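Have a look at the structure below, then the notes.
Only the coordinates and a few stated rules stand behind these numbers; no lab work does. Since this is a predicted model, take the numbers as computed values, not measurements. Positions of Cβ are backbone-derived with ideal geometry, glycine not excepted, and every protein chain shown enters the neighbour counts.
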Amino acid sequence: MKRTPFYNKHLALGARMAPFAGYEMPISYSGINDEHLTVRSAVGVFDVSHMGEFRISGKEAERLVQKVTSNDISKLTPGRAQYNCMPNENAGIVDDLIVYKIADEDYLLVVNASNIEKDWNWIIAHNDFDAQMQNLSDDYALLAVQGPKATETLQKLSDINLSDIPFYHFAKGRLAGIDDVLISATGYTGSGGFELYFAPSAAEEIWDSIMKAGEDFGIKPIGLGARDTLRLEAGYCLYGNDIDDHTNPLEAGLGWITKFVEGNDFVARKQLEEIKKEGIKRKLVGFKMKAKGIPRHGYAIVDSEGNDIGHVTSGTMSPMLKEGIGMGYVQKAFATPGTEIYIRVRNKDLAAEVSRPPFVPLK
């Protein structure tokens, strides 16, 4: 198992550790609910250094990134980031990712930890361009500082006016006495904040500085358990649960990052155009439980007569709403918000209602 540069910090803080994507990662510290509510009300710090980072540069870097991703990266300018996905040749999803435009013909792709090798090989297989690739996954430490007090916390550590960085934009500069920190107004919690990319050698110094800066706001370290409940309340997909190699972006509600514009000749464009023309047969929906019960990944979704109409991909007890919430694929006829569906929990069909995410207001 690999370890991030913050491993000793996690142990010192009493984190419950577990294997995740080949790394020993913190699942929780003070408890998932407590950590979740800390991010929603104040500020929390996540170690997400297990994520993968690829640099793609050179004369035809844009053409390569455009080929393997479905969104239109030609719209990016230096300093902007874009949520994206990589379709496979069968119109499934190799991975979802963030594309950063560092400079003209210089991109940083941030991919899911469990898909680093798969993604790298996929992009290499399509690199028929004058573009150079570097796998920098071990060259970055990455912290997500999230919550309504994230900006105030980090502003103590940087001369960059963080409030001037719009959502899905970034700046590079000095933070906590460390140069060349990439400060990105992104995150996967729905509570706002930043993601920070920097050299692993600066990891413990930056961690300590952030924790001290956030003391007045009750800052806490946050594990992967709360990261999952936070992203689900926000209605964000998790690769391996809600999207994978066998789900297409249109049925997953990712049509907004699937751009059929002139010049965007990405992998599986023709297949996805055909799917759009014919119409999807199933759709990823959010739902709230009407009956007491917690939906879990893999549970069957049925209609009022017990007929199988889909399955749960993600589910939890919402720490904010105090009720069960989830996402899952259902037949298109059952995808309209307000439709009653049933979740089969331990052989009992419990009532739920299709509800459009996010389940809580986003910041």
Report the Cα centroid-to-centroid distance between region 227-286 and region 148-194 in angstrom, as an integer. 29
What ³J(HN,Hα) values, in whole Hz, does the Karplus curve 6.51 cos²θ - 1.76 cosθ + 1.60 give for region 74-88 when θ = phi - 60°, with x put for Gly and Pro? 5, 7, 6, 10, x, x, 10, 10, 8, 6, 8, 8, 10, x, 9
Mean separation of Cα pairs under 8 Å and 6+ residues apart, divided by the residue count of region 54-157: what relative contact order is that in percent? 33
Given charges at Cβ of Lys, Arg, Asp, Glu: region 52-135 dipole, positive-most of 107, 121, 134: 107
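Give, rounded to the nearest 20 debye, the magnitude of the charge dipole that the chain has about its Cα centre when Lys and Arg contribute +1 at Cβ and Asp and Glu contribute -1 at Cβ. Show your work: numbers first, answer last.
Details: 40 positive and 49 negative charges, 244 e Å.
So the magnitude is around 1180 debye.
Restricting to Cα pairs below 8 Å that are 6+ residues apart, what does the relative contact order work out to for the chain? Please round to a whole percent.
Relative contact order here is 18 percent.
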In terms of Cα to Cα distance under 17 Å, which lysines are near enough to residue 332, apart from those fewer than 8 places away along the same chain? 276, 277, 281, 283
Shape category assigned to region 195-335 from the gyration tensor of Cα positions, a/c cut at 1.5: oblate
Pulled fully out, how much extra length does the chain show between residue 121 and residue 362, if you take 0.36 nm times their separation in residues and subtract their Cα-Cα distance? 83.2 nm
Computed over region 158-210, the relative contact order (Cα-Cα under 8 Å, seq sep at least six) in percent reads 27
Label-point separation, residue 103 to residue 296 (7 Å along Cα→Cβ), nm: 5.2
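Counting Lys and Arg as +1 and Asp and Glu as -1, each charge on the Cβ, what is the dipole of region 52-135 about the Cα centre in debye, to the nearest 20?
180
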Contour minus end-to-end for residue 351 and residue 321, with contour as 0.36 nm per residue of separation and end-to-end as the Cα-Cα distance? 9.1 nm
Peptides 11-17, 274-280: what's the order by average Cβ count within 10 Å, highest mean first? 11-17, 274-280
Distance (nanometres) between label positions extended 7 Å along Cα→Cβ at residue 75 and residue 172: 2.5
Where the centre of each part is set by its Cα atoms, how far does region 110-133 sit from region 292-363, in angstrom? 35
Extension reserve of the residue 281-residue 265 stretch, reckoned as 0.36 nm per residue once the Cα distance is removed: 3.3 nm
